[in-house]
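Participant: Handing you this structure, nothing more for now.
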Amino acid sequence: MSNDFRISNDFLWGAATSASQIEGAWNEDGKGMSIADCLRYRPEIDVKNYKKVNDVDTLEIETAIKDSEDKNWAKRHGVDFYHHYKEDIEQLANMGISTFRFSISWPRIFPNGDDLEPNQKGLEYYLNIVKELKKFNIEPVVTLSHYDMPLNLVLNYNAWYDREIIGFYEKFMTTVIDYLKKYVKYWIPFNEIDSIVRHPFASAGLVKDRFPNKNFNEVIYQAMHHQFIAAAKVVEYCHRNYKNMSVGTMITKTTVYPYNSDPRNVLKSLKQMREVYAFSDIQVRGFYPDFLLKKYEDEKIVLSTQKEDEKLLLNNTADFIAFSYYSSVCAAEDTEGLSVSLANTTSGVYNEFLPQTKWGWQVDPTGIRISLIELTDRYNKPLFIVENGLGAEDELTKNHNIHDTYRIDYLSRHIQQVLTSVEEDGIRLIGYCTWGATDMISASTNQMSKRYGFIYVDLDDFGNGTYKRYKKDSYYWYQDLLSYGTQIPKEFFNE
Ligand code: BG6
């Protein structure tokens, strides 16, 4: 066995972000109001109960619309990447990344979603970003929709529940793809397409009280179907028009272990894993798995579909599987007396072998390797880790240092597993992105103090701060790692 991890020349090392969590400038240069502009940090709610934070109702939306300030609505100001993008990209380039994942704010391009013409200033902004990235030989990975759609589509069309949205999304995606075609190869139609079942508003603009006479689960699965059709249309459009483009599905890869070897718990974990895979199955295999159809039947969920849907899904499957990985959970048939743990926005049974963050997410580096093996064995397709990282509170010292050893430890242990998997498990991996580049607003809690970046941004949970950037110790650590190029000494991870 070699003393080095050998990595192919074209492996992409990077960092990932999303528009609503970094950009700010929520009402500048023609941008329309986004669903993300209606989400606020709620200090009165326990951060482990974040489901409640983003469970927005009509009253909350009305309150948001009336408030023209950005103070209370963290995603309106983000970390002002909109005005700092040159500085931020330069710092990331100096760190040595070869890819940068970001998303397009749909309402920056079509402010109301149903506009006839795109907002030119929005398009130019993203063109400037990709040009800036290319200047430093950084490969852009673009998510078209990351928890960010025009609010008007919620108010006047019932968001992703109405089939009409597919047409608006199609116009949005073709406009963006055509505009950035010279610069972007990798496209992801939806961030964590499975997340709609966990936070229907943040992912798909679904507000429960707007569907008083409907089974809300049916509403969610109907909207999900529309997102699958829209995603297949992205694949179809790219493949038909641009041969070099590659389109991925993107799922939240939670790993669910049986709590112990009791076969009932093994069965339970298997069933929960099927729920994770249902989404990628549809996009990678091109049809609904029988177990999902059975669930619809049992729960009396009837979807309205069109004749051409089946063919569209089958003929336009994803080229690669992108996924986020943060944590794992356990499953038990009988949960009495067992503690709960969280993994991103899912929950499960606490795993006594793993530490837990302040937000209740259990830290499990081996789980990322398990995920790579599971996904390869199920789909035999190229994989792309597009999010992995640690949300933690950082302290800015008087001398403007941030000694985030815990983040270095987290990343080091996960990357070590990833590289071991590539070396030993026969994985085809396109690249690896940390979640976070600069710090940004948390998607689930809307906090600033849950930080993920290599670059600290001076801002608090209430929007106070200078927005100044400071490099953390983890910045220099990642820089060191990337400086090894295609041959990384294994002992780097044991230092
Ligand atoms: C992922 C999302 O699931 O988790 C990101 O795609 C999000 O948008 C990340 O920021 C971390 O979650 P959080 O809630 O800690 O920001």
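Participant: For the chain, what number results from the quotient of the Cα radius of gyration and 2.2 N^0.38 Å?
Facilitator: Relative to the rule-of-thumb radius for its length, the chain sits at 0.92.
Participant: Related question: Would you work out if segment 192-269 is rounded, prolate or oblate? Take a ≥ b ≥ c from the square roots of the eigenvalues of the alpha-carbon gyration tensor; rounded if a/c is under 1.5, else prolate when a/b is larger than b/c, oblate otherwise.
Facilitator: Oblate is the answer for segment 192-269, as a/c is 1.5 or above yet b/c matches or exceeds a/b.
Participant: Residue-wise, which Karplus ³J(HN,Hα) couplings in Hz belong to segment 146-154, taking 6.51 cos²θ - 1.76 cosθ + 1.60, θ = phi - 60°, and x for glycine or proline?
Facilitator: 10, 6, 7, 10, x, 4, 4, 6, 7
Participant: Still on this structure, I have one more. Grab the beta carbon distance between residue 2 and residue 356, set R0 = 41 Å, and tell me the FRET efficiency rounded to 0.05. Working shown, then result.
Facilitator: Values: r = 35 Å, r/R0 = 0.85.
Efficiency at R0 = 41 Å is approximately 0.75.
Participant: Using a 1.4 angstrom probe and counting only protein chains, how large is the accessible area of residue 364 in Å², to 10?
Facilitator: 10 Å²
Participant: Rounded to the nearest 0.05, what FRET efficiency is calculated for residue 128 and residue 334 with R0 set to 56 Å and r the Cβ-Cβ distance?
Facilitator: Working: r = 56 Å, r/R0 = 1.00.
So the FRET efficiency works out to roughly 0.50.
Participant: Still on this structure: What FRET efficiency do you get for residue 405 and residue 468 if R0 is 25 Å and r is their Cβ-Cβ distance, rounded to the nearest 0.05? Intermediate values should be presented prior to the final figure.
Facilitator: Values: r = 22 Å, r/R0 = 0.90.
Approximately 0.65, to the nearest 0.05.
Participant: On to the next question. Using DSSP to call loops (not H, G, I, E or B), can you name the chymotrypsin sites (Phe, Trp or Tyr not before Pro) in segment 360-435 whose Cβ has at most 15 other Cβ atoms within 10 angstrom?
Facilitator: Here no chymotrypsin sites (Phe, Trp or Tyr not before Pro) fit, given the DSSP loop and packing criteria.
Participant: 7 Å from Cα along Cα→Cβ at both residue 116 and residue 239: what's the point-to-point distance in nm?
Facilitator: With each label point 7 Å from Cα toward Cβ, the separation is 3.5 nm.
Participant: I would also like to ask the following. Please list, in order, the residues from segment 455-485 whose amide nitrogen is less than 16 Å from a point placed 7 Å along the Cα→Cβ vector of residue 392.
Facilitator: Under cut-off, by backbone N: 455-457, 471-479.
Participant: Kindly write out, for segment 12-17 in residue order, the coupling ³J(HN,Hα) from the Karplus curve 6.51 cos²θ - 1.76 cosθ + 1.60 (θ = phi - 60°), rounded to whole Hz, with x marking Gly and Pro.
Facilitator: Values, residue by residue: 9, 9, x, 9, 10, 8 Hz.
Participant: A follow-up question, please. Please list, in order, the residues from segment 311-336 whose amide nitrogen is less than 19 Å from a point placed 7 Å along the Cα→Cβ vector of residue 425.
Facilitator: The answer is 320-331.
Participant: Another question, if that's okay. Rounded to the nearest Å, what's the spacing between the alpha carbon centres of segment 382-459 and segment 231-306? Just the number, please.
Facilitator: 26 Å
Participant: For segment 48-153, state which GluC sites (Glu not before Pro) are in a DSSP loop and have at most 10 other beta carbons lying within 10 Å of their beta carbon.
Facilitator: 69
Participant: In segment 286-368, which trypsin sites (Lys or Arg not before Pro) fall in coil by DSSP and have 14 or fewer other Cβ atoms within 10 Å?
Facilitator: When the trypsin sites (Lys or Arg not before Pro) of segment 286-368 are filtered for loop state and at most 14 Cβ neighbours within 10 Å, 300, 307, 358 remain.
Participant: Now a separate question. How much of the DSSP bridge set in segment 4-494 is antiparallel, in percent, rounded to the nearest 5? Intermediate values should be presented prior to the final figure.
Facilitator: Numbers: 14 of 50 bridges.
So the antiparallel bridges in segment 4-494 amount to around 30 percent.
Participant: Carbon and sulfur: what percent of the chain's accessible surface (1.4 Å probe)?
Facilitator: 47 percent
Participant: What is the diffusion coefficient of segment 77-130 in µm²/s, taking the Kirkwood radius over Cα pairs and the Stokes-Einstein relation at 20 °C with a viscosity of 1.002 mPa s?
Facilitator: 170 µm²/s
Participant: Under a point spin-label approximation (7 Å from Cα along Cα-to-Cβ), what is the residue 303-residue 55 distance to one decimal in nm?
Facilitator: 2.6 nm
Participant: Let me ask something else. Between residue 296 and residue 479, with labels modelled 7 Å along Cα→Cβ, what's the label distance in nm to one decimal, could you check?
Facilitator: 5.3 nm
Participant: How much accessible area per residue does segment 4-494 have, in Å², with a 1.4 Å probe?
Facilitator: On the way: 19380 Å² over 491 residues.
Per-residue value: 39 Å².
Participant: Quick one: grab the alpha carbon gyration tensor of segment 394-495, order the square roots of its eigenvalues as a ≥ b ≥ c, and give me rounded if a/c is under 1.5, else prolate or oblate depending on whether a/b is larger than b/c. Don't skip to the answer; put the middle values down first.
Facilitator: Numbers: a/c = 2.81, a/b = 1.85, b/c = 1.52.
In terms of gyration-tensor shape, prolate.
Participant: On to the next question. PRE reach from residue 314 (point 7 Å along Cα→Cβ): which of segment 277-303 fall under 16 Å by backbone N?
Facilitator: Residues 282-290 fall inside that zone.
Participant: What whole-number distance in Å separates the alpha-carbon centres of segment 1-76 and segment 132-174?
Facilitator: Using only Cα atoms to place each centre, the spacing works out to 15 Å.
Participant: Can you run phi through the Karplus equation (6.51, -1.76, 1.60; θ = phi - 60°) for segment 354-368 and list ³J(HN,Hα) in whole Hz, with x for Gly and Pro?
Facilitator: 3J(HN,Hα) across segment 354-368, in whole Hz: 10, x, 9, 7, 4, 8, x, 8, 7, 9, 9, x, 4, x, 6.
Participant: Sticking with this one: For the cross-link pairs 182/471; 121/450; 134/182; 185/243; 171/214, which exceed 21 Å when the distance is taken from alpha carbon to alpha carbon?
Facilitator: 182/471; 121/450; 171/214
The values are calculated or read from the model by the stated rules, or taken from the named source; none is laboratory data. Worth saying up front: this structure is predicted, and the values here are computed from it rather than measured. Heads up, the Cβs are rebuilt from the backbone with ideal geometry, glycines too, and the neighbour counts pull from every protein chain shown. To get the accessible areas, we keep the full protein, side chains included, count just its heavy atoms, and leave off ligands, DNA and RNA. Shrake-Rupley method; radii C 1.70, N 1.55, O 1.52, S 1.80 Å.
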